[in-house]
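Contents: one structure, followed by commentary.
The values are calculated or read from the model by the stated rules, or taken from the named source; none is laboratory data. Bear in mind the structure is a predicted one, so any value in this text is a computation, not a measurement. Using ideal geometry, Cβ is built from the backbone for each residue, glycine included, and neighbour counts are taken over all protein chains shown. Protein only, heavy atoms only, side chains kept; ligands, DNA and RNA dropped before computing areas. Shrake-Rupley method; radii C 1.70, N 1.55, O 1.52, S 1.80 Å.
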Amino acid sequence: MSSLASGALEKANSIDKLDARIKQFQSLIEPCLGVSSKQKPNVNGIQQFIVFVVEQIGENNTATSKPLLLFLAKRLESIEEDFNDQLLEVCKLFIERVRPKYTYYAQSLLLVCKLLAELYQADEDWTNAGRVMASIDPDDQHFWDDNTFDIAKRCEWRIETAEFFLQNEDNTSATKHIQKCRKLMRDIPLSKAKVKQQLGLRYKSCYSRILDSERKFLAAAVNYLEIAQIDTNLFDATEVNPADLLKSLENAVTCAILAPAGGPRTRVLAMLHRDERSRNLKNNKVLEKMHKNMILSNKDQEDFSKQLADHHQATLAGGLTVLQKAVYEHNMLAAAQLYKNIRIEELAKLLGVTLVQAEDLARIMIQENRLHATIDQVDGVIEFDNDSSILNSWDANISESLQSVNDIVDMVEAKSSLKFSI
């Protein structure tokens, strides 16, 4: 059957009793869906039904049109995956016809938009999946008619939209939804603490990826590390995949390596190096060398570059790539530990850059207080100030704090049956 029987829809609409009228419409559309028979949907019949309900019945009789469209939206979800192409066509027409009158049919539109996004997702069409999700404004109170789209669901909608955009590296669109999600996260009630915890993990993952793509590598490294070190006991066994946590740890290492050289990055590298899982990562060799302030060779740089995404190797204003700048800055600090002074010409050879680039790198790092040195441009020499009292003081304070923690743990274990593992 290419379409519904002529006059069948008008006849159904002429039934006086509401319940009987709705049941008659449902009996007409059900065969077109092909759900019970597991056959190909009758696209023409479904489209004819949608047009009639929206245009002929419409907002003048929402007691009929609203439950019918909601019924259809729910039944569309049951169509077999083998008929996704036909379902895609139906969903597009549904949204096209219903959107202008969405204030009457908000819940139906919500369901079909979600279904269409899932169809695009199945085809790995992340851009269109994100656009369909973004076409719904979760802040629009017309979608809040019942409890099915509460604050947790609205937050999840924003996060999922951002996830789709990030799959296609559309950082700008993803950022918009993650930023709007921040307040929603805070307002999720305690009664949904478990859901909030799950959404919080997805939110942090998206936020880390955004920071990463914006080249805010140090902040991204810290966020990735927080994900990698979450307490899995707080989640159900199926909610957290250990492989995902390991991937977050690897991302944290990559971002820390690419972050601007200096004290903050040194501390993050130390935290990553202490994580025993980092020993098995592909980028552990570079992590090890950077943590120990060793100079990275060209081969180290080339091997590491093969593991990086495109935005990690973008060319910056000075002509260096992101990776090159990170490695040269690290090698600059490593050289400062080896030499009291060095000619700029020799430093350029050591770093593998031009004379101008070597001097510019040193100058910028000195200005940003990441390198303690002075440049003698007349003699072409850099004098390194190896006074590490600040770092030594920092290390001493950390050691003292950790020792205090150990002392407290020892006292607690001595006076009780409790055992601690740190």
Practice prompt. List the aspartates and glutamates whose Cα lies under 14 Å from the Cα of Lys340, skipping any in the same chain that are fewer than 8 positions away.
Written response: Asp376, Glu383, Asp385, Asp387
Item to complete: For Lys192, tell me the accessible area in Å² from a 1.4 Å probe, rounded to the nearest 10.
Response: 70
Fill in: Global form of the range 53-187, assessed from the alpha-carbon gyration tensor, a/c cut-off 1.5
oblate
Item to complete: Please work out the FRET efficiency for the pair Asp139 and Ala317, using the Cβ-Cβ distance as r and a Förster radius of 45 Å; give the result to the nearest 0.05.
Response: 0.75
Worksheet item: What angle do you read, to the nearest 10 degrees and between 0 and 90, between the alpha-carbon axis of helix 322-338 and the longest principal axis of the chain?
Response: 20
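Sort 173-179, 291-297, 247-253 by packing, meaning the average of other beta carbons within 10 Å per residue, with the highest value first. Could the numbers behind the result be given before it?
Working: 173-179: 19.4, 291-297: 15.7, 247-253: 23.0.
Those peptides, ordered most packed to least, come out 247-253, 173-179, 291-297.
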Worksheet entry | D_trans [Stokes-Einstein, Kirkwood Rh over alpha-carbon pairs] for the range 74-147, 4 °C, 1.567 mPa s, µm² s⁻¹ | 102
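Per the Cauchy relation, a quarter of the hull surface: what is the mean projected area of the convex hull of the alpha carbons in the chain, in nm²?
Details: hull surface 114.5 nm².
In nm², the orientation-averaged hull projection of the chain is 28.6.
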Discussion item. Report the gain in length on full extension from Ile408 to Asn241: 0.36 nm times residue separation, minus Cα-Cα distance, nm rounded to one decimal.
Written reply: 56.7 nm
Response to the item:
Note on the range 155-254: alpha-carbon gyration tensor, axes a ≥ b ≥ c; rule is a/c under 1.5 for rounded, else prolate if a/b larger than b/c, else oblate; result oblate
Worksheet, complete the sentence: Mean separation of Cα contacts under 8 Å (at least 6 apart) over the residue count of the chain, i.e. the relative contact order in percent, is 7
Worksheet entry | On Cα atoms only, tilt of 389-415 relative to the major axis of the chain in degrees | 70
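Let me check against my output: what whole-number percent is the relative contact order of the range 1-132, with C-alpha pairs under 8 Å and at least 6 apart?
On the way: 137 pairs, mean separation 27.8, N = 132.
This gives 21 percent for the range 1-132.
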Worksheet item: With all protein chains present, how much of the accessible area of the range 262-305 (probe radius 1.4 Å) comes from carbon and sulfur, to the nearest whole percent?
Response: 50
Fill in: Relative contact order computed over the range 40-89 (Cα-Cα under 8 Å; 6+ residues apart), in percent
51
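Counting each DSSP H run of 4 or more residues in the chain as -39500 (n - 2.57), what helix-only mean residue ellipticity at 222 nm follows after dividing by all residues, to the nearest 500 deg cm²/dmol?
The helix-only estimate for the chain comes to -20000 deg cm²/dmol at 222 nm.
Once R0 is set to 60 Å, what does the formula 1/(1 + (r/R0)^6) return for the Cβ-Cβ distance between Glu55 and Lys216, expressed as a FRET efficiency to the nearest 0.05?
Details: r = 50 Å, r/R0 = 0.84.
Once rounded, the FRET efficiency stands at 0.75.
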Item to complete: Under a cut-off of 14 Å between alpha-carbon atoms, report the aspartates and glutamates in cross-link reach of Lys204, not counting same-chain residues fewer than 8 places apart.
Response: Glu156, Glu160, Glu163, Asp212, Glu226, Asp244
Response to the item:
Here the Cα Rg-to-2.2 N^0.38 Å ratio for the range 211-325 is 1.08
Worksheet item: Dipole of the range 93-160 (Lys/Arg Cβ +1, Asp/Glu Cβ -1, origin at the Cα centre): which of Gly130, Phe149, Ser108 lies farthest to the positive side?
Response: Ser108
Worksheet item: What lysines could a cross-link reach from Lys289, if we take a straight Cα to Cα line under 19 Å and drop same-chain neighbours fewer than 8 places away?
Response: Lys299, Lys306, Lys325
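Considering only Cα-Cα distances, which of the following residue pairs are longer than 25 Å: Lys17/Lys74; Lys74/Lys153; Lys183/Lys247; Lys216/Lys247? Present the calculation step by step, with values, prior to reporting the outcome.
Values: Lys17/Lys74 23 Å; Lys74/Lys153 17 Å; Lys183/Lys247 28 Å; Lys216/Lys247 19 Å.
Flagged as over cut-off: Lys183/Lys247.
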Fill in: Full-extension gain in nm, Gln377 to Gln39, via 0.36 nm per residue minus C-alpha separation
113.6 nm
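What full-extension length gain, to one decimal in nm, is calculated for Ser191 and Gln307 as 0.36 nm per residue of separation minus the Cα-Cα distance? Don't skip to the end; give the middle numbers.
Values: separation 116, 0.36 × 116 = 41.76 nm, distance 4.27 nm.
Gain in length upon complete extension: 37.5 nm.
With +1 on each Lys and Arg Cβ and -1 on each Asp and Glu Cβ, and nothing else charged, work out how big the dipole of the chain is about its Cα centre, in Debye to the nearest 20. Write down the numbers at each step before the final one.
Values: 51 positive and 60 negative charges, 164 e Å.
Here the size comes out at about 780 debye.
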Discussion item. Taking a cut-off of 13 Å, what percent of all Cα-Cα pairs in the range 310-356 are separated by more than that?
Written reply: 59
Practice prompt. With a point put 7 Å past each Cα toward its Cβ, work out how far Thr172 is from Gln367 in nm, to one decimal.
Written response: 2.8
Discussion item. To test your reading of the geometry: what angle, between 0 and 90 degrees and rounded to tens, separates the Cα axis of helix 18-33 from the longest principal axis of the chain?
Written reply: 60
